[in-house]
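Below is one structure, written out as structure tokens; comments come after it.
The values are calculated or read from the model by the stated rules, or taken from the named source; none is laboratory data. Given the structure is predicted, the values throughout are model-derived calculations rather than measurements. Reconstructed Cβ throughout: ideal geometry from the backbone, glycine too, with neighbour counts over all protein chains shown. The area values use the complete protein model at the heavy-atom level, side chains included, leaving out ligands, DNA and RNA. Shrake-Rupley method; radii C 1.70, N 1.55, O 1.52, S 1.80 Å.
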Amino acid sequence: MTSLDPMAPVPFRVLRTDRETADTFTLELAPDEGGPPFGFRPGQFNMLYVFGKGEAPISISGDPGRRDRLVHTTRVVGAVTAGMGALKKGDVLGVRGPFGTAWPVDETAGSDVIFIAGGIGLAPLRPAILHVLANRRRYGRVVLLYGARTPEDVLYRRDLRRWRAELDMDVYVTVDRASRDWHGDVGVVTALVPRIPFDRDNCVAMLCGPEVMMRFAVLELLKRGIPASMVHLSMERNMKCAVGFCGHCQVGPHFVCKDGPVFRYDELARLLKIREV
Amino acid sequence: MTTSIEQLLAEQPYFKGLSASQLAAITGCAKNVRFEAGEPLIREGEDANEFFVIRQGKVALEASAPAGPITIQTLGDGDVVGWSWLVQPHTWRFGAIAMGLTRAISLDGECMRRKCEEDHDLGFELLKRFSFLISERLEATRLQLLDVYSPPPARGLRR
Amino acid sequence: MGFSERETLVVDANAPGAIVSALNRAGFEVIGPTVESGSVVYGPISTGENLPRGFTDTQEPGHYRLNPHADGSYFGYVVGPHSWKRYLHPPAVRLFAARREGKGFALEAQPQEAPPRAFFGVRPCELAAIARQDRIFLGGAQPDPTYRTNREGAFLVAVQCGRAGGTCFCASMGTGPRAAAGFDLALTELSDGGRHEFVVEIGSPRGRDILAKVPHRLATEDDLNAAAAVTARAQAGMGRSLEAEGLPKALLAGLESPRWETTAARCLSCANCTMVCPTCFCTTVEDTTDLTGDHAERWRRWDSCFTLDFSYIHGGAVRRTTASRYRQWLTHKFATWFEQFGESGCVGCGRCITWCPAGIDVTEEARAFRTGSAPKERT
């Protein structure tokens, strides 16, 4: 086997683990034994391998400007992700990647940027947000709309506080339900779209979350006059090989692993309306 | 300089497009109100004799539950609170509480109903607006019902 | 249409065995047709004796029978349930083995690859299928290492078809019954009127080298005409056709057609069509450990879009109904494959028709969409 084998995982060591919510956690990794630095573009994903347990596609959540650290935020949904959740500092995880398409952060410099995230969908958007903030002067207005289930399910609380404190970024967080001790917004994230300011002729929207949420959010954006070609979303499908050979992740003609996960909405608009595609 | 209540109403996106005479008619039912943080605008189960247009502030719609009230939705500037005044038996089904200092315009329910009966054009204009509002809230409620961020349902396969 | 443009020779009825021996001596492991469990399958052959002589087959939707045939021909049958993807894109491949090392793991070296193989008896539709898979596995920025290893150096002995099977439709797909290229050697069996010889087309220098070791003579005009008549006979006898023109558009316009439900009512979702299809390439990846938990392996296995598990994402499968899975298969094969690889995913071999236990006929399904007997869209 050569190191060029796209199916062979490369060992990375866990530097740090952080619990985000009851069922999500963040792993900070570095190449094992001084391996080469890891570059990626915001929106791309890796295949993470837990020795003997299996592999799962996980989006990259770290700062694209830092090639010495690889950050993944994951939700426990099965045996493999539970195995990741049990990792401790010093443990080793296999990494293949990065794979897939990226958020159009460079192509859209100069325009207003709207991020819309739902649930764990904030994780794949985080590198794009960090990139935009690191190059803040190159963009117009920057807005983040983030919906979560309850206040306890809100990810990246520290980041959100910091981003909110940036005077030139609007951050709206809303939850589906809450008790009285939550002073933030309650309601669906799509309902925030009509409120936010942006230049519809010069803006880009990047969405990640459950497909239902993205569909409704796109409708609201289109209602406000954003061209479909300026709306981008990240799709989730069953990815096994991540290099376009296994066929599992197809949506119509697209292999989500290599033609996506980030798509322009007009590439998918019709397919999203058809059941079980 | 004080702003007349008629002007305040005209500024609300909700009443945008009403004719001057229609606005004048509604003005007769309107008054300025103000709520401190924690003060209820409406209480579940009580008679629904008014509705509010929030000028500035934040209001939580709530349902009471054994473990304390649950917030269903929060409303802000320009939002309308309450439609039970329009629907029989004119009883509040949910409560609403100010989350911070909230300034609003209160519109008297009985007065509004009378104006609408007298002027069906006005009645229809308002009904269109309330239908839109209700459908918007219904859509949001359905999305919340879907519980899209929830853990995987026990359908299909697990891995 | 003649055979005269390339170097063409004639060999006698013993030549198949002689070619197998020459390939063996040249270091190739020869894989060719053999009879097993009442069907023609592909397996290792060491002499001409292993080749099934005097067989023909009856194929219909959901039906396959191998029958003895008195003429003693070598290639009186057409394609069976196997295709060459078994050897180029095998059903199970170990991608790596790993052992636990401290808190981490180390990948172990893979055993060395098999000797170069020669595929004996590759039909024109199968050459087309190999070309389809070449594009998938070798045509991208990063080729598949397993496929490349198996494909590189593979020696292809093609057989031009003298008879159309009951479910064949290669002529309408432009992939047969005669192949013009893509082989090292191509045989046309002449077994009429007491004559039993083969016309051999040389497709490559190494093809010439192998044939040099087999007694031969130069083909005459008559030989060439006889060979052309063989494939013309197959073409004329082909009972099925699939009109591919306009099909992608018709299928994609009909994604919500009720026809999918009609077909799904017959489809057992058994995945046979995808297993026998020579171009279907989908796989799954399985990670396993031994009982100690210290040794792990990763395997790649054929998978099918007809399984529920195929489209699983957390929360459930995307394609839960048979209708949606049949639609995925058919639209991929005949429509989205064009967008992905610039050509059809179907080569007209007819295997999916023969081996469908319900006898679902893709040519019929395609026709329903093309002619509009399948309503375009439900709105």
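Key figures
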| read-out | value |
| --- | --- |
| Given (1) buried (at least 23 other Cβ atoms within 10 Å of the Cβ); (2) more than 14 Å from chain C (Cβ to nearest Cβ), number of the condition A:A228 does not satisfy | (1) |
| Looking only at the stretch C:43-66, and only at residues there that are touching an Asp or Glu at 6+ places or on another chain (Cβ under 7 Å) and open to solvent by 40 Å² or more (accessible area, probe 1.4 Å), the one that is nearest to C:C352 (Cα to Cα) | C:P61 |
| Set C:A15, C:A26, C:A98: member being open to solvent by 20 Å² or more (accessible area, probe 1.4 Å) and touching a residue at least 60 places away in the same chain (Cβ under 8 Å) | C:A26 |
| Count of the stretch C:250-267 residues which are surrounded by fewer than 17 Cβ atoms within 10 Å (Cβ to Cβ) and touching a helix residue (DSSP H, G or I) at 6+ places or on another chain (Cβ under 8 Å) | 1 |
| Residue identified as facing chain B (nearest Cβ under 10 Å), farther than 28 Å from B:A65 by Cα and of a type outside the set (G, A, S) among A:I129, A:I120, A:I114 | A:I120 |
| Residues satisfying the stated conditions in the stretch B:1-31, i.e. assigned to a loop (DSSP other than H, G, I, E, B) and charged (D, E, K, R) | B:K16 |
| Filter result for the condition that a residue is among the β-branched types (V, I, T) and within 26 Å of C:K85 (Cα to Cα), over C:T262, C:T274, C:T220 | C:T274 |
| Yes/no for A:F115 being at pLDDT 95 or above, touching a Leu at 6+ places or on another chain (Cβ under 6 Å) and either open to solvent by 30 Å² or more (accessible area, probe 1.4 Å) or not hydroxyl-bearing (S, T, Y) (or both) | yes |
| Pair list, Cβ under 9 Å, 6 or more apart: the stretch C:203-217 residue hydrophobic (A, V, I, L, M, F, W, C), other residue assigned to a loop (DSSP other than H, G, I, E, B) and open to solvent by 70 Å² or more (accessible area, probe 1.4 Å) | C:V214/C:N14 |
| Strands (runs of 3 or more DSSP E) lying entirely in the stretch B:35-94 (those with 1 or more residues that are of a type in the set (S, T, N, Q) and buried (at least 19 other Cβ atoms within 10 Å of the Cβ)) | B:70-75 |
| Residue list for the stretch C:296-319, filter: in contact (Cβ under 8 Å) with a residue 12 or more places away in the chain, within 12 Å of chain B (Cβ to nearest Cβ) and either farther than 23 Å from A:A56 by Cβ or aromatic (F, W, Y) (or both) | C:F310 |
| Residue count for the stretch C:263-295, restricted to those that are without any contact (Cβ under 8 Å) to a residue 60 or more places away in the chain, over 21 Å from A:H248 (Cα atoms) and more than 13 Å from every other protein chain (Cβ to nearest Cβ) | 1 |
| Filter result (under 21 Å from the mean Cα position of the chain (by Cα) and at positive phi) within the stretch C:26-70 | C:S37, C:G38, C:G62 |
| C:A296 buried (at least 20 other Cβ atoms within 10 Å of the Cβ) and in contact with an Asp or Glu (Cβ under 7 Å, 6 or more places away or on another chain) | yes |
| Residue in the stretch A:211-221 that is among the basic types (K, R), out of contact with any strand residue (DSSP E or B) (no Cβ under 8 Å at 6 or more places or on another chain) and either buried (at least 17 other Cβ atoms within 10 Å of the Cβ) or more than 8 Å from every other protein chain (Cβ to nearest Cβ) (or both) present | yes |
| Odd one out for A:R41 among (1) touching a residue at least 60 places away in the same chain (Cβ under 8 Å); (2) not in a loop (DSSP other than H, G, I, E, B) | (2) |
| From the options A:R195, A:R136, residue that is farther than 24 Å from A:T24 by Cα, within 14 Å of chain B (Cβ to nearest Cβ) and over 19 Å from the mean Cα position of the chain (by Cα) | A:R195 |
| Strands (runs of 3 or more DSSP E) within the stretch C:26-119 that include 1 or more residues at pLDDT 95 or above | C:29-36, C:39-44, C:55-60, C:63-68, C:92-101 |
| Any chance A:V175 is within 14 Å of chain B (Cβ to nearest Cβ), open to solvent by less than 10 Å² (accessible area, probe 1.4 Å) and out of contact with any Leu (no Cβ under 6 Å at 6 or more places or on another chain) | yes |
| Complete set of residues in the stretch C:120-154 that are surrounded by fewer than 23 Cβ atoms within 10 Å (Cβ to Cβ) and part of a loop (DSSP other than H, G, I, E, B) | C:G139, C:G140, C:A141, C:Q142, C:P143, C:E152, C:G153, C:A154 |
| Count - residues of the stretch A:16-41 that are β-branched (V, I, T) and closer than 13 Å to A:V95 by Cβ | 0 |
| C:A229 vs. criteria without any contact (Cβ under 8 Å) to a residue 40 or more places away in the chain, among the small types (G, A, S), open to solvent by 30 Å² or more (accessible area, probe 1.4 Å) and assigned by TED's automatic domain parsing to the domain that holds C:Q160 | yes |
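Every residue, every condition in (1) part of a loop (DSSP other than H, G, I, E, B); (2) of a type in the set (D, E, K, R); (3) touching a Pro at 6+ places or on another chain (Cβ under 6 Å); (4) within 14 Å of chain C (Cβ to nearest Cβ), yes or no:
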site	(1), (2), (3), (4)
A:A8	yes, no, no, yes
A:V14	no, no, no, yes
A:R19	no, yes, no, no
A:E33	no, yes, no, yes
A:P36	yes, no, no, no
A:Y49	no, no, yes, yes
A:P57	no, no, no, yes
A:D68	yes, yes, yes, no
